[in-house]
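Read through the structure below, which is laid out as structure tokens, and then see the notes.
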Amino acid sequence: PVLPIYTYGTPALRRKAQPVKTLSDDVIQLIMDMFETMHYANGIGLAATQVGNLWRVVVIDLSEMEETKDLKPIVLINPVVVSQEGSWTMEEGCLSIPDVRDDVERIGKLRVQFKNVDFRDTELEAAGLLGRVILHEIDHLNGVLFLDHLPPDKKKLHNPLLRKIQKGEFEVPYPVVTAVEVAV
């Protein structure tokens, strides 16, 4: 099923996810639901914390993008960045922070170790959009949002919209859990 995505201001987005110890039916179901949710929301990456789950699981699918159309969907379980070099800046957005976009500087090229969907140790080198999405989603697993990479004065410019998101005053075509709903 399509899971609701937790939005800005919900405590789940600030929690640190825990490693997956074994590949269980529950983990497989979560992965399938996360792909379904991400596709339904027209996203390209989704971390388990964004759907209120505290496992270190990320799904990515860039196959709809012209420059990465040959890339198969990826599942990263317990991802860890093991090397990095360079940096580049690009505009980012997030399904959990609708309508907010800004330029974020990130690592240009990285190596990431993780367990794949078969729970086998895997290593991947990534740059460009794939590298950026991996870093964005690993941030989510650590309770970090892309806004946290902005200088305070730039982040402050988004405060009016962020307050609206916290109050649930926005519209998206996918189910969400807002800070107002969690507070009740």
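The values are calculated or read from the model by the stated rules, or taken from the named source; none is laboratory data. Predicted model, so just to flag it, every value in this text is computed and none were measured. Glycine gets a Cβ as well: all are built from the backbone with ideal geometry, and neighbour counts include every protein chain shown. These accessible areas exclude ligands, DNA and RNA; they are computed on the full protein's heavy atoms, side chains included. Shrake-Rupley method; radii C 1.70, N 1.55, O 1.52, S 1.80 Å.
K69: which aspartates and glutamates have alpha carbons under 17 Å from its alpha carbon, excluding same-chain residues fewer than 8 sequence positions away?
D61
Starting from the Cα of K154, draw a straight line to each of the aspartates and glutamates and keep only those under 16 Å, dropping any in the same chain fewer than 8 residues away.
Partners within reach: E91, E92, D99, D102, D103, E105.
Where does the Debye-calculated log10 I(q)/I(0) of region 80-184 sit at q = 0.18, 0.20 Å⁻¹, using only Cα point scatterers of equal weight, no solvent?
-0.96, -1.08
Which of rounded, prolate or oblate describes region 36-142 when judged by the alpha-carbon gyration tensor and an a/c cut-off of 1.5?
Rounded, since a/c falls under 1.5.
Please report how far the C-alpha centroid of region 22-59 lies from that of region 118-163, rounded to the nearest whole angstrom.
Going from one Cα centre to the other spans 16 Å.
Report the net charge of residues surrounding G143, where surrounding means a beta-carbon distance below 10 angstrom and charges are Lys +1, Arg +1, Asp -1, Glu -1.
Summing Lys/Arg as +1 and Asp/Glu as -1 gives +1.
Using each residue's phi in region 77-91, evaluate 6.51 cos²θ - 1.76 cosθ + 1.60 at θ = phi - 60° and report the 3J(HN,Hα) Karplus result to the nearest Hz, with x for Gly and Pro.
Per-residue couplings from phi come out as 10, 6, x, 9, 6, 9, 7, 8, 7, x, 7, 7, 10, 8, 5 Hz.
Leaving out ligands and nucleic acids, note down the accessible area per residue over the chain with a 1.4 angstrom probe, in whole Å².
Ligands and nucleic acids excluded, the figure is 51 Å² per residue.
With charges set only on the Cβ (+1 for Lys and Arg, -1 for Asp and Glu), what does the dipole of the chain come to about its Cα centre, in debye to the nearest 20?
Once rounded to the nearest 20, the dipole reads 660 debye.
What number, rounded to the nearest 500 deg cm²/dmol, is the helix-based mean residue ellipticity at 222 nm of the chain, given -39500 (n - 2.57) per DSSP H run of at least four residues and division by all its residues?
Computed ellipticity for the chain at 222 nm equals -8000 deg cm²/dmol.
Over 18 Å apart: what share of the alpha carbon pairs of region 9-83 falls there, rounded to a whole percent?
43 percent
Is region 123-171 best put as rounded, prolate or oblate by its Cα gyration tensor, with a ≥ b ≥ c the root eigenvalues, rounded for a/c under 1.5, and otherwise prolate when a/b is larger than b/c, oblate when not?
It is prolate, given that a/c is not under 1.5 and a/b is the larger ratio.
Give me the percent of the accessible area of the chain that comes from carbon and sulfur atoms, probe 1.4 Å, all protein chains in place.
52 percent
Note down the magnitude of the dipole of region 120-172 about its Cα centre, charges +1 on Lys and Arg C-beta and -1 on Asp and Glu C-beta and zero elsewhere, to the nearest 20 debye. Present the calculation step by step, with values, prior to reporting the outcome.
Working: 8 positive and 9 negative charges, 89 e Å.
That gives region 120-172 a dipole magnitude of about 420 debye.
Kindly provide log₁₀ I(q)/I(0) values, in the same order as q = 0.17, 0.19 Å⁻¹, from the Debye equation applied to equal alpha-carbon scatterers of the chain.
Rounded to two decimals, the profile gives -1.13, -1.41.
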